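Worksheet for the structure shown next.
The values are calculated or read from the model by the stated rules, or taken from the named source; none is laboratory data. Note that the structure is predicted; figures quoted are calculated from it, not measured. Don't worry about glycine lacking a Cβ; one is built from the backbone with ideal geometry, like all the others, and counts go over all protein chains shown. Heads up: the accessible areas ignore ligands, DNA and RNA and are worked out on the full protein's heavy atoms, side chains in. Shrake-Rupley method; radii C 1.70, N 1.55, O 1.52, S 1.80 Å.
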Amino acid sequence: MKKTITTLAAVTALLLTGCGGTEENDATTEVADATTDSPQTEQAEAEEVEGTGDEEGMSDDDVIKLGDQFRVNTFDEDSTIYHWDVKVTGVETVDVLKDADDNEAYYSGDDMDAPEKVDAKPDEGNEFVHITYEQTNSSGVPESLTLESQLVFSDGEVFSALGDDGDYYTPNLTEAHDQPAGETQNNNTTAKGDWVFEVPKGSEFDAVIVNEYSIDADEEYWVMLK
């Protein structure tokens, strides 16, 4: 008798579970649908599509290549947005950078007839990676934009311009342009700029990371160089 009661209880429980199963399944489906359509999921999907070229699994159309134009946005203290169109135009590996170094004889005052700038040469065993770019003011008003960069070696190491590369060579080359980057530009005008990296000779590199020179900047753009 005890065995029969247990069996009947089990059957009753099974029938009750079957009656409530449809509602539970519907509720589960609704929760799953809500999760699928949640803002967090949509944001994650948007970030994957709108990535800047360093994520895995991106299509060729999402990767910024040498010569491609990409949009950089800046903001002021009132959250006003300013649009800039930027393009990395060239890359070369050289042993000499013409007129890229400050002439100590000129700036010391020892020889006022000496040229202000002299050619820059790397340390023994090194060479320069010289990258050029253009930036167009598309904001509608006079504005300025200062960009900085990092070189990405083929093994994934990220390399910054330090020392003379950043303090002398890069600004000296940029200032030599008729419209140097980093200065105030009128709307629809294009300025030119340079980045210099001194690296071991024969180094393999794949990309340059570009971002706005600002404490508030959180966007970076990976531009493939090869």
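Quick notes on this structure:
- Heavy-atom surface of the range 93-226, accessible at 1.4 Å and reported per residue (Å²): 54 Å²
- Low-density loop cleavage sites - GluC sites (Glu not before Pro) in the range 130-214, where at most 11 other Cβ are within 10 Å (DSSP): GLU157, GLU204
- Computed over neighbours whose Cβ is under 12 Å from that of ASP95, the net charge equals -3, Lys and Arg +1, Asp and Glu -1.
- Residue-wise HN-Hα couplings along the range 93-108, as the Karplus relation 6.51 cos²θ - 1.76 cosθ + 1.60 with θ = phi - 60° gives them from phi, are 10, 9, 9, 9, 10, 5, 6, 9, 10, 6, 8, 4, 5, 6, 6, 7 Hz; Gly and Pro carry x.
- When the chymotrypsin sites (Phe, Trp or Tyr not before Pro) in the range 164-226 are filtered for DSSP coil states and for at most 12 other beta-carbon atoms within 10 Å of their beta-carbon, the remaining sites are TYR213.
- Rounded to whole Hz, the Karplus (6.51, -1.76, 1.60) HN-Hα couplings of the range 172-177, x for glycine and proline: 5, 5, 5, 5, 6, 6
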